[in-house]
Amino acid sequence: MRIKRHMLLQLIICAMCAALSGCGGSQEEEIPMGRYADREVKLPPGTFDYMHPCPDGSYYLYGLDTELTYVDAQGESKGKDRSWENNANIHAKYEVGVADNGASVFAYTPRFWNDEELEALWIAGDVRYLYYYVDEKGQKQALEPHGEGYQKGTNLNTFAFSPEGELYAASDHAVYRVNVETGEVESLFATEKQVKSMVFTGDVMLAADDGKAYFYDRAEGKLLDGNGALDTFLSSHSTGGLVMAAGDSENEQILYMGCRTGLYRYIWGGSVIEQIADGQMTALGDTQRSPRALQVLDNGAFRVMFSGNYMVEMYYDETLPARPAKELTVYSLEENGWIRYAGQLFQKEHPDVLVRYETGMDGDNAVSREDALRNLNTRLLAGDVPDVIVMDRMDIEQYADKGMLRELDGILQPYLDDGILYQNIVEGMRMTEKNKIYSVPMMVYLPLWLGEKMYLDGEDSLEDIVAGMEKARQKHPEGAILYTLYPKDVLLQTMPVCLPAWTGEDGSLDVEKLTAYYQAVRRMWEIDCAGFDDAGREAWQKNNMEWYAPEDMDMADIGFNFQYAAQQNFGETWLQLGFLMTPQVGMTGIHVTKANMAADWQEKELEDTVTYDAYTGQAGNVYWARTIVGLCEQGKEPELAEAYMNLLLSDPMMRKWWLDKPRNYSGLAIRKDSLGDILDIDNIEFGQTMGFKDPTGVNHPNFWPTEEEKQWLYQMMEDASCCYRPGTMLEECAMEVGVRVLDGELTPEEGAKEVERKMAIAMEE
Amino acid sequence: MFLLPGFSGVMIFYLLPFFEVVRRSFLKSGNGAFVGMDNYRAVFGNGAFALAVRNTFLYMAAGVPLLMGISLFLSLLLRNLLQRRKLVSALLLPMAVPAAVMVLTLQILIDRQGVINGVLTHVSGKITALPAFTAIDYLNTGWALAVVVCSFLWKNTGYMVILWLAGLAALPKEVEEAAQVDGANRWQSWHYIIRPGLSGSFFTIGMLSVLQIFKSYREVWMVAGSYPQEHIYFLQHLLQNWYLKLEFDRMAALTVIMSLVLLAVCLLLQKRLE
């Protein structure tokens, strides 16, 4: 007994020692070779979002506004095959289904209605589709669904043709078979949600929604038993899009599924779903694009069509290690499309490296910023340090002070010596105490106002804006002057250009400036409120809630709203404060807004008086640093991190991003040549935001920036020297107190004192 | 051998981490350089630390005696009531209320436009002899500590009443009855029989009350944020904020200091009650 006790004790001690020493892990693990990689497929001219794969490897490309284009198995295309634009009564197309022989069906809304019943529903705000069928010879005919089990006006949202050419369609509660000749609809089975894809293999059709797979035996005309494994998979993998395809004739019992997390294989009736390609290592992981269609090729490769005119071929490469030998970890608090995109480019350039992009607040988990920072700090404390860190909404000084960030002067100097980057913007990030740069913004926003010149003829300071608002109020006694719904909006629109002026070099708070700020914004809010009674303001808030979410709103949304709201509210507001966030769309956006405002105010003959300019606030020459990137001192892959930083700063990265993602609000590139190139991009996509291809046929004027305007923008970039970074303690504190000042709870003086008191504790800490 | 499993748990989950904290308190966070007592000096020289210590002490000085006194008084009242079980259950209700609900209720009560201000304004309006009442922002003025103490009492009194009742139930009734037969009045029964008999409970309840003071930070943080009014800025605020600011070295030093102080308080209380 005594011996046994000793043995037990020794065993426990050994186990503890083994656990603490990490015994059991191998140091040099051999990685097997072979994994799926992808390459971009060059598409014929046009803007395509969808693909219909054919069994012989050919495919049809189409978009809701782009005609059907056939591409053969060798990738050759003869161009457009069908014209869908001939029918003058089409207002907008919504859904399209294509058969292997090129026959197609689409749902649309008309410009004018011939059916009073449907028109009444349409007027009531309920979108009702009409349908067209185009046969393989291009003959069009209206398709009028009818029959038992189909209620008139039910929208058919998903279409699929079986290999035999039968049309199947799905509404949000059922799946139907449709006779394309007669329009007769046969209801097959009910579904819980909208079916999003239908796949055929033999006599069985698989219809899948976001959480359930339905197996329908077409020969027997009955639903087969479901599959729990597939249902579970669908409910957890459908975010961001999921595409399906059956295997070829030899492997028709295999179902392939592609989604953000990767490519999967499933054998019909089985209970196991096997991952064959990792989303992180292929284009499937791109959060900016949704997979739209999947094609299985004979050689074991796959084609994946994505939204945004992008297609890749995924092929098995035996020369690549099954998983990359090295890993570069990139961290940011919030999802950043540009950073994710850079990771994919980097991975393509370095196939032996896996770029692991991690976000602290991924949108689904409701983690607050503070919690995310706490989690990050715990990681850092435990030695789990990322290689690259995006410092947006983080305290850069704090992390640099603690030795977490690597000095970047050495990396940036060649770019500055060659005049590639805007030096003033990079220098704005220099930490005065240490005289070193630890992070660099990849993009910036520039502050702008838009309105009638007569209201703003001063230096564009905060006081000038107040004076301008007073003038505007005299002329327009009713309604809003600024686009503000709540007190917080005034603060959001003005604080970035004032906040940098409130602190001295030693970090002390300038209470006088803060008091002046509160006085000015309070006056602005009072002027804006004076145009409404309580009921009027409530109605104004309610009418604008559609594109406004005050609880979640930060400056990024306000910046966006500057353009969007200006376009939506022209004639209702007389001044807009916001940020220029995107060079091409931004410049043209301003033009269009201006044109729209002028059109709306035509009777007032304002066409030449509506203008825009930079506004200085209290600080002057402010730029809002975006996508601020730093490298971690204790990162495991310092050389890779440096290479990644160089990729971020490269012209192809900055330019390609805009070419691939023209409609984004990342900011203005800090590379001079890239910014110039972007301004010169002649891409029709840039025009879409302004309704350049408006399907209603109402073509808004689409202005491209003139040379003079480009020079104006370059000059603004050259002058920008005062960095605003959101998420500082001072901003949060001033925002919280500012709302109370605007609500009248505190006087501006009391508000400033309150901020000073709170900041005093923070400073003491 | 018999103690080994339990002791291993204590070693792994309590003592080893604490030793690690002690070790880190002598190192600089970031590069891990040995800095001797610098972190302790930095803590003692920190203005926010002085403020937090003062506030935590005031909170404790006001909250602990009040909590112990009120709960003891209530338990003495309830002791001989036949229906006391139902009453005790009602007193426990605040313990079951989720922190978020409690914070919401508190905000409804003490907001500038809240219930308390509303009632006081109404009363002062009705009674012309009273001066006009101006709404008070309780959490952003000198009232803040009083609000926090009140919410602390509301939340913890029921629990402490139960502990006192358990202590009282353990006292032999015969002694008290004999004293009453001998002519002892209520004060004499309390002073000479009940109070000495409850000395063990005094220690336990006292320690638990002190610990509850530290645990009530969550509600304070939820209602007033990381930088509340200066009278309710406690040591936990400082620790939390340092954590966000990566001041791990100072945090470690402060944790060691706090542990030592708590240990000293514990020993002192125990010695006094012995």
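The values are calculated or read from the model by the stated rules, or taken from the named source; none is laboratory data. Quick caveat: nothing in here was measured; it's all calculated off a predicted structure. Cβ sites come from the backbone with ideal geometry, for glycine too, and all protein chains shown count toward neighbours.
So, in the stretch A:209-238, of the ones that are among the small types (Gly, Ala, Ser) and either more than 27 Å from the chain's Cα centre (by Cα) or assigned to a loop (DSSP other than H, G, I, E, B) (or both), which residue ends up surrounded by the most Cβ atoms within 10 Å (Cβ to Cβ)?
Checking each candidate, the answer is A:213.
Go through (1) within 14 Å of chain A (Cβ to nearest Cβ); (2) of a type outside the set (A, V, I, L, M, F, W, C); (3) part of a helix (DSSP H, G or I); (4) surrounded by 13 or more Cβ atoms within 10 Å (Cβ to Cβ) and name the single condition residue B:9 misses.
Every condition holds for residue B:9 apart from (4).
List the number of the failed condition for residue B:139; all other conditions in (1) in a helix (DSSP H, G or I); (2) away from every other protein chain (no Cβ under 14 Å) hold.
Failed condition: (2).
Keeping to the stretch A:423-440, report how many residues are surrounded by fewer than 18 Cβ atoms within 10 Å (Cβ to Cβ), hydroxyl-bearing (Ser, Thr, Tyr) and more than 18 Å from residue A:506 (Cβ to Cβ).
0
Look at residue B:109 and say whether it is out of contact with any Pro (no Cβ under 9 Å at 6 or more places or on another chain), outside any helix (DSSP H, G or I), modelled with pLDDT of 85 or more and within 30 Å of residue B:75 (Cβ to Cβ).
No, not satisfied.
Residues to consider are B:230, B:247; find the one that is in contact with a Ser or Thr (Cβ under 9 Å, 6 or more places away or on another chain), more than 28 Å from residue B:79 (Cα to Cα) and not hydrophobic (A, V, I, L, M, F, W, C).
Just one listed residue meets the conditions, B:247.
Could you grab me the full set of residues in the stretch A:497-543 that are modelled with pLDDT of 90 or more and under 29 Å from the mean Cα position of the chain (by Cα)?
A:497, A:498, A:499, A:500
Yes or no: the stretch B:31-41 includes at least one residue that is assigned to a helix (DSSP H, G or I), surrounded by 12 or more Cβ atoms within 10 Å (Cβ to Cβ) and within 13 Å of chain A (Cβ to nearest Cβ).
For the stretch B:31-41, residues assigned to a helix (DSSP H, G or I), surrounded by 12 or more Cβ atoms within 10 Å (Cβ to Cβ) and within 13 Å of chain A (Cβ to nearest Cβ): absent.
What residue, of B:227, B:243, is of a type in the set (Ser, Thr, Tyr), in a helix (DSSP H, G or I) and within 11 Å of another protein chain (Cβ to nearest Cβ)?
Among B:227, B:243, only B:243 is of a type in the set (Ser, Thr, Tyr), in a helix (DSSP H, G or I) and within 11 Å of another protein chain (Cβ to nearest Cβ).
Of the numbered conditions (1) aromatic (Phe, Trp, Tyr); (2) more than 36 Å from the chain's Cα centre (by Cα); (3) part of a strand (DSSP E or B), residue A:159 fails exactly one; give the number of that condition.
Here residue A:159 meets the rest and fails (2).
Tell me the helices (runs of 4 or more DSSP H) entirely within the stretch A:704-765 that contain at least 1 residues that are within 13 Å of chain B (Cβ to nearest Cβ).
Once the helices (runs of 4 or more DSSP H) in the stretch A:704-765 are filtered for at least 1 residues that are within 13 Å of chain B (Cβ to nearest Cβ), what remains is A:729-742, A:748-764.
Given the conditions (1) within 11 Å of another protein chain (Cβ to nearest Cβ); (2) among the small types (Gly, Ala, Ser); (3) touching a residue at least 40 places away in the same chain (Cβ under 8 Å); (4) more than 30 Å from residue B:160 (Cα to Cα), which single one is not true for residue B:45?
Residue B:45 satisfies every listed condition except (3).
Which of the following residues is touching a residue at least 24 places away in the same chain (Cβ under 8 Å), within 14 Å of chain A (Cβ to nearest Cβ) and either surrounded by 21 or more Cβ atoms within 10 Å (Cβ to Cβ) or within 25 Å of residue B:97 (Cα to Cα) (or both): B:207, B:251, B:222, B:160?
Of the residues listed, the single one that is touching a residue at least 24 places away in the same chain (Cβ under 8 Å), within 14 Å of chain A (Cβ to nearest Cβ) and either surrounded by 21 or more Cβ atoms within 10 Å (Cβ to Cβ) or within 25 Å of residue B:97 (Cα to Cα) (or both) is B:222.
Can you pull out every residue in the stretch B:111-136 that is β-branched (Val, Ile, Thr) and either within 14 Å of chain A (Cβ to nearest Cβ) or touching a residue at least 40 places away in the same chain (Cβ under 8 Å) (or both)?
Answer for the stretch B:111-136, where residues must be β-branched (Val, Ile, Thr) and either within 14 Å of chain A (Cβ to nearest Cβ) or touching a residue at least 40 places away in the same chain (Cβ under 8 Å) (or both): B:134, B:136.
Does the stretch A:719-756 hold any residues that are free of Cβ contacts under 8 Å to residues at least 24 places away in the same chain, of a type in the set (D, E, K, R) and under 18 Å from residue A:525 (Cβ atoms), and which are they?
Correct list: A:736, A:740, A:745, A:750, A:754.
The rows are residues; the columns are (1) within 12 Å of chain B (Cβ to nearest Cβ); (2) surrounded by 16 or more Cβ atoms within 10 Å (Cβ to Cβ).
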position	(1), (2)
A:372	yes, yes
A:376	yes, yes
A:388	no, yes
A:393	no, yes
A:402	yes, yes
A:407	no, yes
A:410	no, no
A:421	no, yes
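Those residues that are of a type in the set (D, E, K, R) and modelled with pLDDT of 90 or more, I need them from the stretch A:393-429; list them, please.
If the condition is that a residue be of a type in the set (D, E, K, R) and modelled with pLDDT of 90 or more, then A:406, A:407, A:409, A:417, A:418, A:427 are the ones that fit.
Which one of B:194, B:232, B:257 is within 16 Å of the chain's Cα centre (by Cα) and either within 14 Å of another protein chain (Cβ to nearest Cβ) or surrounded by 16 or more Cβ atoms within 10 Å (Cβ to Cβ) (or both)?
None of the other options fit; the residue is B:232.
For the stretch A:482-495, does any single residue satisfy the condition of being in a loop (DSSP other than H, G, I, E, B), among the aromatic types (Phe, Trp, Tyr) and touching a strand residue (DSSP E or B) at 6+ places or on another chain (Cβ under 6 Å)?
Looking for residues that are in a loop (DSSP other than H, G, I, E, B), among the aromatic types (Phe, Trp, Tyr) and touching a strand residue (DSSP E or B) at 6+ places or on another chain (Cβ under 6 Å), one finds at least one in the stretch A:482-495, hence yes.
Could you tell me which residue of the stretch A:345-370 is nearest to the other protein chains (Cβ to nearest Cβ), considering only residues that are touching a Gly at 6+ places or on another chain (Cβ under 7 Å) and within 23 Å of residue A:656 (Cα to Cα)?
A:357
Quick test for you: out of B:210, B:161, B:147, pick the one residue that is farther than 17 Å from residue B:69 by Cα and part of a helix (DSSP H, G or I).
One residue alone meets the criteria, B:147.
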